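The values are calculated or read from the model by the stated rules, or taken from the named source; none is laboratory data. Computed from a predicted structure; not experimentally measured. We place every Cβ from the backbone using ideal geometry, glycine too, and count neighbours over all the protein chains shown.
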Amino acid sequence: MQRVRFLSHQAPVHKLGDSQMTLSPKFRLAATKSSLLDPLLELNLSLKGEPLIPGLPDDVALQCLLRLPVNDHSVFRLVCKRWYSLFGSKGQFFTRRKELGFHDPWLFVFAFHKCTGKIEWKVLDLTQFSWHTIPAMPCKDKVSPQGFGCVSISHEGVLFVCGGEVSDVDCPLNLVLKYEVQTNRWTVMKKMSTARSFFASGVIDGMIYVAGGNSSDLFELNSAEVLDPNKGMWRHVANMGTNMASYDTAVLNGKLLVTEGWFWPFYVVPRGQVYDPITDHWENMAIGLREGWTGSSVVIWGHLFVVSEHERTKLKVYDMETDSWDAVDGPPLPEQICKPFCVNSWDGMICVVGQNLHIAVGYIIRMFPRGTSERKYSFSVQWKVVEAPDTLSNLIPSQAQVLFA
């Protein structure tokens, strides 16, 4: 196991962008733009022969500059007017990166202060391993840290936060917020048809599905609906086979898997449902799948992995053919990662965020079948610990999403 230490004086938390967002009581967003961000000015500076980097063609220089770490942008923008134009707006910076096909991973962690309950988003640059902040979510009510549904369209750099509940009154919300990396801003979207908390959520073919959860009268729901992000409209889909709140959710082979989950002690056999958007139909989850789903899940290479909260916090993988679970070779989750934790993944790696926002990055190794009698892959994992700076020592993670920008 590798271990990486980032001390607080070496890795301060930076703002991902100096947001110019202002909020009225109705959540209207207003932004002012500097004249230095005018594309015509950028073109004029280029035509006047002011290169981005002397001695390099602009296209080559741009490829270099777009790789510079975000936390140093405030210094880079002082070099010249053209650098100010590029680094003066995080929106323009990430837009240019997208145009040129850059896809670096960023881990967005929805966390809350263990004493005050104050919620905030912290962002880890998974390339530079530096922490950043983004603007606060525009919530009218004081909300609870738990109960939200968070999903993302990773390669679009877009994050959605749905539902949740008002603090101290157990009142679910139908709130829907969208955050875009390119603009570093939140947008209030059309509300869900039903207010819900502690519900299932997932993205299938660019569509956002929500199902079940707790209702305003504290009863569990069986309703489900889907959002088309391009149209901004919600519509109902088939109801679940049972009323249930969600412990964990995954999207596997184009289907939404919803588990009620194990709770210690194991008094009740967990329930699980599977939704197929092609047929608009729910069915009961396979017995082995739901009974072995004892932790937080990610899908890597079309396989469902679970970081178990019980079996020495080991990683395991589901075998669909036998409806059983196999242990993943390698050590258990490092002891520095304390519950409660949340997980996400990208490109064959799994991120587990624990208390104080310490993170274990698990590198999944897939072994191909060696003989004709072996039909399935085997997997192993190696962990590297990324310790957060002391400034994040009182934060508890609630959700985590990986976005590319």
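If we scan the stretch 330-349, do we find a residue that is at positive phi, assigned to a loop (DSSP other than H, G, I, E, B) and in contact (Cβ under 8 Å) with a residue 60 or more places away in the chain? The answer is yes; a qualifying residue exists.
Please enumerate the residues belonging to the stretch 280-303 that are surrounded by 19 or more Cβ atoms within 10 Å (Cβ to Cβ) and either in contact with a Phe, Trp or Tyr (Cβ under 6 Å, 6 or more places away or on another chain) or outside any strand (DSSP E or B) (or both). Within the stretch 280-303, Trp282, Met285, Leu289, Arg290, Gly292, Trp293, Thr294, Val298 qualify.
Could you check, for the stretch 356-365, whether at least one of its residues is modelled with pLDDT under 90 and either among the charged types (D, E, K, R) or crowded, with 19+ Cβ neighbours inside 10 Å (or both)?
To start, the set of residues in the stretch 356-365 that are modelled with pLDDT under 90 comprises none.
Looking through the stretch 356-365, none of the residues is modelled with pLDDT under 90 and either among the charged types (D, E, K, R) or crowded, with 19+ Cβ neighbours inside 10 Å (or both).
For the condition in contact with a Phe, Trp or Tyr (Cβ under 7 Å, 6 or more places away or on another chain), closer than 22 Å to Trp282 by Cα and of a type in the set (Ser, Thr, Tyr), what is the one hit in Ser193, Ser197, Ser215, Ser223? Let's see the steps before the verdict.
Values: Ser197 fails: in contact with a Phe, Trp or Tyr (Cβ under 7 Å, 6 or more places away or on another chain); Ser215 fails: in contact with a Phe, Trp or Tyr (Cβ under 7 Å, 6 or more places away or on another chain); Ser223 fails: in contact with a Phe, Trp or Tyr (Cβ under 7 Å, 6 or more places away or on another chain).
Just a single option satisfies the conditions, and that option is Ser193.
If I filter the stretch 78-136 down to residues being acidic (Asp, Glu) and surrounded by fewer than 18 Cβ atoms within 10 Å (Cβ to Cβ), which single residue comes out as modelled with the lowest pLDDT? For the stretch 78-136, the residue satisfying everything is Glu99. Return a yes/no flag: does the stretch 259-266 have any residue that is in contact with a helix residue (DSSP H, G or I) (Cβ under 8 Å, 6 or more places away or on another chain), assigned to a strand (DSSP E or B) and assigned by TED's automatic domain parsing to the domain that holds Pro340. Yes - at least one qualifying residue is present in the stretch 259-266.
Scanning the stretch 193-247 for residues that are surrounded by fewer than 14 Cβ atoms within 10 Å (Cβ to Cβ), farther than 23 Å from Val166 by Cβ and not acidic (Asp, Glu) yields Gly206, Asn230, Lys231, Gly232, Met233, Arg235, His236. Taking only pairs six or more apart or across chains, which ones have beta-carbon atoms under 7 Å, a first residue in the stretch 310-329 that is in the same structural domain as Cys351 (by TED's automatic domain parsing) and modelled with pLDDT of 95 or more, and a second residue that is among the acidic types (Asp, Glu) and assigned to a loop (DSSP other than H, G, I, E, B)? Qualifying pairs under 7 Å: none. Figure legend. Inter-residue proximity from the stretch 80-109: first residues within 17 Å of Asn184 (Cα to Cα), second residues among the basic types (Lys, Arg) and modelled with pLDDT of 80 or more, beta-carbon distance below 6 Å, spacing 6+ or different chains. Indicated pairs: Phe87/Arg77; Gly88/Arg77; Val109/Lys122.
Might you check whether a residue that is in contact with a strand residue (DSSP E or B) (Cβ under 6 Å, 6 or more places away or on another chain), among the β-branched types (Val, Ile, Thr) and modelled with pLDDT of 85 or more occurs anywhere in the stretch 55-70? Walk me through it before giving the result.
The first filter runs over the stretch 55-70 and keeps only residues in contact with a strand residue (DSSP E or B) (Cβ under 6 Å, 6 or more places away or on another chain), leaving none.
Looking for residues that are in contact with a strand residue (DSSP E or B) (Cβ under 6 Å, 6 or more places away or on another chain), among the β-branched types (Val, Ile, Thr) and modelled with pLDDT of 85 or more, one finds none in the stretch 55-70, hence no.
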